[in-house]
1. Take the Cα radius of gyration of the range 27-257 and divide it by 2.2 N^0.38 Å, with N its residue count; two decimals is plenty.
2. Sequence gap of 8 or more, or different chains, plus Cα separation below 23 Å: how many lysine pairs satisfy both in the range 27-257?
3. Hey, can you grab everything whose amide H is under 5 Å from the amide H of GLY153? Only 5+ residues off in sequence or another chain; H modelled, so Pro and N-termini drop out.
4. So if I restrict to the alpha-carbon atoms in the range 26-103, what is the Rg, and what is Dmax, the biggest pairwise distance, in Å?
5. Could you pull out every residue, at least 5 positions away or on a different chain, whose amide H is within less than 5 Å of the one on GLU114? Hs are placed 1.01 Å off N in the peptide plane, and Pro or chain starts have none.
6. Two-decimal Rg/Rh of the range 56-185 from alpha-carbon positions, Kirkwood Rh?
7. Could you let me know the centre-to-centre spacing of the range 68-116 and the range 184-231, using Cα atoms, in angstrom?
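We did not get these values from a lab; they are worked out from the coordinates using the rules stated. Because the structure is predicted, anything quoted here is derived from the model rather than measured.
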Amino acid sequence: MREHEEFSRCFPICQPIQAPPPSPRAPGLDALHSLCKQIYPDQGNPLTVTAIVKHWLGGPDPLDYISMYANPGCPEFGVPPHWHYVSFGLSDLHGDGRLHPKPGPGRPSGFGFELTFRLGRERNETTPPTWPANVMQQLAKYVFNSANTLMPGDHVSWHAALDGGNGRITQILMGQDPQLPASVSTPHGDVSFVQIVGVTSEELQAAQHWNGLGVVNLLKSARDCGPWLVTNMKRMRSAMEDDPTIAEKIQCGIERDGSNTSGVSAKCWWVQITNDKSAERYREKRNDSDDEEDEEDEEEKEDVKPIVKTERLSPCEQQESNMVEETSIRFLSGLHLTFNLEAGSLLPLAIKGRVMHGRHFTFKSILSHSAITIVAPSVTGTFVTEEKPYAVRGPWLQVLLSEELAGRMAGEFQVLNTPDKVMPLSIIVTMVSGVQSRCLAVAEVLDEF
């Protein structure tokens, strides 16, 4: 997973303009502007960051415009004055097919949502910072490249201060904008508004181990976040540190519900091993075209932080959505599963928070087209059984863990929750049918990592 510096090079600091975005008959854009004017009737001409070369003309920035409004807050509800950022471009602004397919009746407009962000306003600050526009453009790039939407409750591993500084707000949760409607109908379809919320690493981990919406709702009661989820970049304590009752509620939720994080994009791969430890091995292969595409991605495309999604698809539904391209199933006698540290650190979550609650967890490789799904015996729609627990179909590997094995693995993997004691650069899990799993923390970087 690349560090933040690699992404920031791809997005130069945006230059705001004090001019209304041109609207040569863009009904979708007009509808969103009209909605914003209802909230900000005295700010008909907000400061706006605009893409100089529009994405549909080959420009790098997916969002055509990002408007920045001065919000007075709501002191009686503990909402401070802040800057309110609203994107235009994830939904269909024009309706002529230049960027998004023409929608049908009752369908989403474009991707069906726009991003918003609320940043605490400094005293005597008269001009909004533009760095949130860069964050929004990067998230939009992820959406356009992956065709995955963002929803309230989703979370994003960012791993650097959002403003490029040295603060503790280094991760992102997604919530629902408190002032804009949950959904609005435009001439080109329905649009919702998903708000970016800057959080600490501890709050992100809580969302991963429990659920994003639960943590977002608790943050609304936190002193430095509040009911409108305003991001305070000067915040130096997590909500759990500031209010022990929030920590207690999160822990109770984890124990009661487990985790609804169903997967993560990760650096991972696997190798087949045989019971007789012969030299015969299998590895998910990457063809030359994949390598060339990866090189192009490095030079021309901005990869975005891996998005950890909330519960969406069961393995059966994923199969129906063309995740699996081949129909033949191959059963394996043993496996080496390899993860980089960040992905491997989620193994306790995958086992204890998902499999032991009768659910599944997927690691989607960003190195190739493969995916590794760990499932409980109660998960339906799988092609593994307790007699044949390891199977591959096309690029999709499934690993079934029995209740007894999941319990043992949960105990073994607890060491991954203490990074101060174990600091490997990658993690290898060895699994052989009928043999206990082994977790190896290795201090060398594999070529693929």
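1. Relative to the rule-of-thumb radius for its length, the range 27-257 sits at 1.01.
2. 5
3. The list, which skips near neighbours in sequence, is MET174, GLY175.
4. Rg and Dmax of the range 26-103, Cα atoms, are 14.7, 47 Å.
5. Placed amide hydrogens put SER192, PHE193, VAL194 under 5 Å from GLU114.
6. My calculation of the ratio gives 0.98.
7. The two parts, judged by their Cα centres, are 15 Å apart.
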